[in-house]
């Protein structure tokens with residue numbers, strides 16, 4: 001996985017959207033947030049699922065991994081806008097609306113959103129597969145997927161929701177894109193619809209587990225150790241607030257156990273690839 | 001064309017993105033600006049190109065026409081945002097950030113951007129064709145296409161550019177999506193790559209002609225007659241400002257003549273369909 005992700009960094013640098021013009025900084029801004037780093041977690045899931053099913057599929061998977069990483073980057077750029085999180089920094093660099101202006105941040109996000117579909121259309125894969133990948137990304141990232149999750153999260157910020165509503169939000173805001181990464185990787189690796197759906201469902205559980213784990217880290221660890229602000233006491237809808245710390249930890253352990261069992265039941269090579277991609281998380 | 005566009009309105013109403021949840025207005029906002037009307041000009045070009053080449057292709061073209069119309073709608077929603085045009089009304093109704101809030105306007109635009117690719121992926125067309133359509137929309141609407149045009153237009157607002165720079169902007173901001181509409185319609189109608197490119201080039205010229213024509217209308221007609229504000233004297237980069245009214249009118253006549261000749265050289269049915277779609281414009 002380490003080598004695959006190094007190859008992915010090179011591929012990403014060489015395949016950022018090109019937009020030459022007399023604009024002084026638009027083209028630079030398009031790639032800036034993607035180049036600033038990040039865990040490449042969604043890309044790793046695409047690569048793990050694909051190569052775990054077909055060891056020769058790494059090159060075919062690169063363009064798909066780039067698509068999901070640029071799509072994720074678009075969502076971060078827009079989440080950081082003044083109207084939403086109004087964040088000054090992301091991935092240790094100033095956000096685009098701070099480095100440049102709000103217009104550039106909105107438009108760079110818009111461009112990366114569309115460009116991720118171009119990455120899929122240009123992938124070295126059969127047309128049937130590419131159409132499936134476009135539909136998966138658009139459904140899970142779009143109107144009833146990630147964007148709906150973000151809309152709900154913004155709308156109900158500071159208001160108390162019940163557990164089922166909070167799960168509904170997180171399954172959309174983060175779960176669906178993680179699930180889509182695994183499902184898309186599965187198709188690149190040659191999986192049939194049933195197997196790809198099995199990895200999708202695993203991804204939905206994985207996304208929920210991450211949210212519970214993040215909420216526990218936020219409640220229990222100091223900012224310096226985590227690398228981002230913690231103790232966000234105004235978050236009325238964290239799993240820790242809703243369940244209490246003890247119950248949240250029990251739930252996290254239960255979800256982690258379920259995930260380990262699901263990985264253990266997969267074919268050996270895929271099991272190994274996913275364990276590698278998820279090392280330190282579960 | 002009138003019947004086709006009526007059928008398109010019905011299709012649009014029935015195929016807006018669904019996003020049921022406990023959000024009080026997100027799903028309504030997603031469809032609101034598309035339902036508010038508009039000339040459906042890009043949809044008409046898709047339908048004209050497709051049915052002009054294959055009279056039986058109207059149903060196959062509907063999903064493609066919807067894709068480009070929702071994509072265009074996303075761009076209008078984002079152009080109207082406070083950071084860009086800060087517009088209060090669009091298509092005679094309040095803009096989304098006025099009706100609801102800026103978060104909803106940003107997210108509805110994001111959702112429609114992605115959803116337009118879902119419309120293409122779900123179209124009743126061969127996979128090979130759908131992959132081409134996804135690439136055309138993403139290239140012409142995305143990073144080096146419409147979004148680049150918008151970025152330049154915002155960046156140089158109020159500054160004087162030269163004619164070639166102004167043409168560069170308009171070819172991207174409006175030309176490429178109009179050209180893409182014709183190219184996509186051509187593929188739906190069964191055109192080969194060369195013929196689809198011929199309609200694309202025609203569309204680029206058409207987009208430029210529209211901009212010159214709009215600038216002349218803006219400079220010479222009264223607001224009440226046009227239905228939107230005119231005499232935007234702060235627009236330093238209109239063709240009328242750059243060329244003078246006389247030269248702009250001569251250029252418009254020359255471009256219109258070129259367009260009429262291009263249409264006249266097309267197969268009869270396509271010529272008739274395009275003349276129908278462009279009635280009143282050229």
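Just so you know, all these numbers are worked out from the coordinates, no wet-lab data involved. Everything numeric here is computed off the predicted structure, so don't read it as measured data. Positions of Cβ are backbone-derived with ideal geometry, glycine not excepted, and every protein chain shown enters the neighbour counts.
Per-structure values
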| quantity | calculated |
| --- | --- |
| Residue with peak Gaussian network fluctuation, chain B [Cα springs, cutoff 10 Å], from B:84, B:146, B:33 | B:84 |
| 10 Å binning of all Cα-Cα separations within the stretch A:140-204, expressed as whole percents from 0 upward | 24, 42, 24, 9, 1 |
| Estimated FRET transfer efficiency (residue A:56, residue A:281; beta-carbon r; R0 30 Å; 0.05) | 0.65 |
| Cα gyration tensor shape for the stretch B:83-227, rounded if a/c is under 1.5, else prolate or oblate | oblate |
| Shielding by partners - mean other protein chain Cβ count within 10 Å, residues of B:73-85 | 3 |
| Chain A: most fluctuating residue of A:25, A:74, A:187 per GNM, C-alpha cutoff 10 Å | A:25 |
| Computed [θ] at 222 nm, deg cm²/dmol, chain A (DSSP H ≥ 4; -39,500 (n - 2.57); rounded to nearest 500) | -22000 deg cm²/dmol |
| Overall Cα dimensions of the protein assembly as shown - principal axes, largest extent first, Å | 77, 44, 42 |
| GNM flexibility winner over chain A from A:68, A:106, A:178 (Cα, springs under 10 Å) | A:106 |
| For the stretch A:2-277, alpha-carbon Rg over 2.2 N^0.38 Å | 1.00 |
| Length gained when the stretch residue A:258-residue A:18 is fully extended (0.36 nm per residue, less Cα-Cα span) | 82.1 nm |
| FRET efficiency, 1/(1 + (r/R0)^6) with R0 41 Å, evaluated for residue A:193 and residue B:268 via beta carbons | 0.35 |
| Computed FRET value (nearest 0.05) for residue B:89 with residue A:36, which takes r as the C-beta separation and R₀ as 56 Å | 0.90 |
| Cα centroid separation - the stretch A:9-44 against the stretch B:179-201, whole Å | 31 |
